[in-house]
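Input: a single structure, listed below in structure tokens.
Computed from the coordinates by the stated procedures, all read-outs in this text should not be read as laboratory data. All of these numbers come straight from a predicted model, not from anything done at the bench. No Cβ is skipped: glycine too gets one built from the backbone with ideal geometry, and neighbour counts run over all protein chains shown.
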């Protein structure tokens, strides 16, 4: 059995010190990584919330304008009850999905509403008195602007969601995401029916003069 000499003790102390320094350095690096990743995930989450808030404001504004539009149209389009009721029903669907922050349901409801508005504006072309009504023209212009703004904000929202979701799923960031209970957010999608049935932007933009 070999007894450690005096020379071995400093050597062991050096090795121990090196191990402690390495472990300490690794702990610091891991801590810095965890904190920086956590803060980045927080920023991405709040960007999604901010993007949703921007859409939510526009949806509320359009929600307030639609009854005015329907009531104005009702005065002229007496035989288009079904067209007007579809707009009101779709408006209710959008409002319900928005209040519940149910993004998939909101996407589906938006598709229905946009289709109903396309139909309404198309039918309005057959009513010259309505098309020249100043209130109708102002409401159509206002809703058109809101629709375009919603489309722009939707792109920003989906981009924010993509950035968040990629980071949450990436390795090793997903470990921090799991510890911090960060989650994936759904994209706001409109179904293909919208583009199949009509060119929404073109119809919204074709206001009568």
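Tabulated results
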{"read-out": "Bins of 5 Å from zero: percent of alpha-carbon pairs in the range 90-154", "value": "4, 16, 21, 25, 16, 10, 6, 3"}
{"read-out": "Peptides 75-86, 149-160 ordered by average Cβ neighbours within 10 Å, highest first", "value": "149-160, 75-86"}
{"read-out": "Per-peptide average of other Cβ atoms within 10 Å, ordering 184-190, 32-38, 14-20 highest first", "value": "184-190, 32-38, 14-20"}
{"read-out": "Contour excess over end-to-end distance, with Cα ends at residue 163 and residue 141 and 0.36 nm allotted per residue", "value": "4.6 nm"}
{"read-out": "Taking the convex hull of Cα positions in the range 110-193, its mean projected area over all directions (nm²)", "value": "7.2 nm²"}
{"read-out": "Largest-first principal axis extents of the Cα set of the range 1-103 (Å)", "value": "108, 24, 13"}
{"read-out": "Inter-centroid distance (Cα atoms) of the range 96-146 relative to the range 156-176, Å", "value": "34 Å"}
{"read-out": "Extension reserve of the residue 189-residue 18 stretch, reckoned as 0.36 nm per residue once the Cα distance is removed", "value": "56.0 nm"}
{"read-out": "Helical contribution to [θ] at 222 nm, DSSP H n ≥ 4, -39,500 (n - 2.57), averaged over the chain, rounded to 500", "value": "-28000 deg cm²/dmol"}
{"read-out": "Highest-first arrangement of 112-118, 126-132, 43-49, where packing means the average Cβ count within 10 Å", "value": "112-118, 43-49, 126-132"}
{"read-out": "Segment residue 99-residue 174, extension gain: residue separation times 0.36 nm, minus the distance between their alpha carbons", "value": "24.0 nm"}
{"read-out": "Cα Rg over Rh - the chain, Kirkwood", "value": "1.38"}
{"read-out": "Residue 88-residue 152 FRET efficiency (beta carbon distance; Förster radius 25 Å; 0.05 resolution)", "value": "0.45"}
